[in-house]
Amino acid sequence: MESSTAANWKHSFLYLGFLYSLLCFLHNQISHNLLIGHRPVRVKKTSPDLPLRFRSDGTFKILQVADMHYGNGALTRCRDVLDSEFEHCSDLNTSRFLKRMIEAEKPDFIAFTGDNIFGSSSVDAAESLLRAFGPAIESGLPWAAILGNHDQESTMNREELMSFISLMDYSVSQINPSAEDLSNLARGSRKKIDGFGNYDLRVYGAPGSHLANSSILNLFFLDSGDRETVQGVRTYGWIKESQLDWLHGISQGYQDKPPALAFFHIPIPEVRQLWYKKIIGQFQEAVACSSVNSGVLQTLVSMRDVKAVFMGHDHNNDFCGYLENIWFCYGGGFGYHGYGKAGWRRRARVILAELGKGEKGWMGVERIKTWKRLDDDKLSKIDEQLLWEY
Ligand SMILES: *[C@@H]1O[C@H](CO)[C@@H](O)[C@H](O)[C@H]1NC(C)=O
Ligand SMILES: *[C@@H]1O[C@H](CO)[C@@H](O)[C@H](O)[C@H]1NC(C)=O
């Protein structure tokens with residue numbers, strides 16, 4: 001009796017010890033992936049080399065990918081392709097296009113401007129995101145994404161999506177500025193900022209140059225929302241006052257403001273005026289913006305650092321037009337499961353910033369250019385233009 005009780009005790013003790021280590025292990029595993037407060041614990045397997053910086057040849061190249069509309073992969077069919085193309089076309093063509101663009105342009109950074117996944121076709125949002133951003137992750141390039149109006153239509157809400165995206169390998173996306181960042185701003189010491197996926201990224205000067213430790217190009221990302229109802233009428237989302245206050249505050253924080261580029265999904269109402277102006281690219285469908293004008297253009301004009309804005313949402317528009325000294329450029333539909341125009345190739349935009357050269361080597365940004373490439377045999381390059389020159 002005695003010895004068997006002792007053995008039982010010994011077993012129970014070992015068993016408890018085992019349970020305890022198991023719990024510790026699980027706790028570690030889980031807390032690594034949990035959000036603490038509003039800030040994600042960043043424990044990616046692989047993070048890119050940061051900060052973002054110009055290359056030693058004085059250039060920084062961004063690939064804009066608008067509206068991938070990813071579903072579930074091989075089983076998700078293409079929309080609006082020629083009858084002859086339909087049979088052998090799926091989300092894998094979107095992945096293939098992304099891989100080809102990365103190989104051809106060798107960008108330094110990829111900006112995904114929303115409707116990355118087409119929620120209503122996606123069985124599992126996490127799975128679709130992993131597939132959609134897969135080629136970017138495989139390339140090992142730093143990348144960032146914001147949300148469109150369709151991303152949240154699957155198994156994750158907008159906050160969950162941005163948390164997940166911020167934790168993906170090589171992603172430099174963020175959910176929102178921290179409370180600490182917000183309280184350091186000149187204007188708007190608000191605690192809460194509307195939306196998910198409002199953040200700024202700084203690009204530093206060329207290695208070894210006297211601006212190697214300074215941010216010389218800013219990239220602003222904003223959440224333009226999904227749908228809203230205004231006085232009983234459904235419309236698209238818009239960028240709210242809290243977001244504009246934050247943006248303005250960041251820009252005010254600089255003594256020498258470097259040039260900046262902004263990225264958001266849904267165009268602003270003023271983009272409609274471009275129908276009457278000279279544009280570069282195609283204007284083939286109505287601008288599907290919000291009925292609310294929240295003053296984004298006035299804010300950008302008053303900041304004076306944003307030289308160009310890159311949007312998505314209207315897949316059949318791929319133009320750049322000039323409003324109040326700021327270029328507004330569409331990316332043009334990238335993904336095969338998104339609507340498009342049969343025979344009008346899916347496309348992507350490239351943005352190139354070039355530094356000036358002084359006696360002491362590379363200086364600040366001197367020139368910003370853009371062009372697009374079509375998903376045809378040659379990845380045809382079209383509509384190259386200058387956006388800004390110092
Ligand atoms: C989609 O990919 C397949 C396989 O690589 C290819 O044969 C087909 O032409 C592509 N379709 C389009 C529309 O690009
Ligand atoms: C930039 O920072 C690094 C590391 O702190 C330092 O070694 C280097 O001298 C700095 N370069 C310039 C131009 O300030």
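The values are calculated or read from the model by the stated rules, or taken from the named source; none is laboratory data. Because the structure is a prediction, the values reported are computed rather than measured. Here Cβ is always computed from backbone atoms with ideal geometry, including for glycine, and neighbour counts include all displayed protein chains.
Within segment 140-164, the set of residues being within 16 Å of residue 65 (Cβ to Cβ) and out of contact with any Phe, Trp or Tyr (no Cβ under 8 Å at 6 or more places or on another chain) comprises 148, 151.
When each of 90, 47, 84, 56 is tested for being closer than 25 Å to residue 172 by Cβ, away from ligand 2 (no atom under 16 Å from the Cβ) and either at pLDDT 95 or above or touching a Phe, Trp or Tyr at 6+ places or on another chain (Cβ under 8 Å) (or both), the lone residue that passes is 47. Residues in segment 171-186 that are at pLDDT below 95 and either assigned to a loop (DSSP other than H, G, I, E, B) or in contact with a Phe, Trp or Tyr (Cβ under 6 Å, 6 or more places away or on another chain) (or both): 177, 178, 184, 185, 186. Residue 360 meets each of the listed conditions (1) more than 22 Å from residue 268 (Cα to Cα); (2) touching a helix residue (DSSP H, G or I) at 6+ places or on another chain (Cβ under 8 Å) apart from (2). Screening segment 280-390 for strands (runs of 3 or more DSSP E) wholly inside it with 1 or more residues that are within 16 Å of ligand 1 (Cβ to nearest atom) and touching a residue at least 24 places away in the same chain (Cβ under 8 Å) returns the ranges 347-358, 361-374. Scanning segment 60-100 for residues that are within 22 Å of residue 145 (Cβ to Cβ) and part of a helix (DSSP H, G or I) yields 91, 92, 93, 94, 95, 96, 97, 98, 99, 100.
Checking segment 265-276 against the condition returns a match, with at least one residue being at pLDDT 95 or above, crowded, with 20+ Cβ neighbours inside 10 Å, touching a helix residue (DSSP H, G or I) at 6+ places or on another chain (Cβ under 8 Å) and not in a strand (DSSP E or B). The single residue among 297, 352 that is surrounded by fewer than 24 Cβ atoms within 10 Å (Cβ to Cβ), of a type in the set (A, V, I, L, M) and more than 28 Å from residue 226 (Cα to Cα) turns out to be 352.
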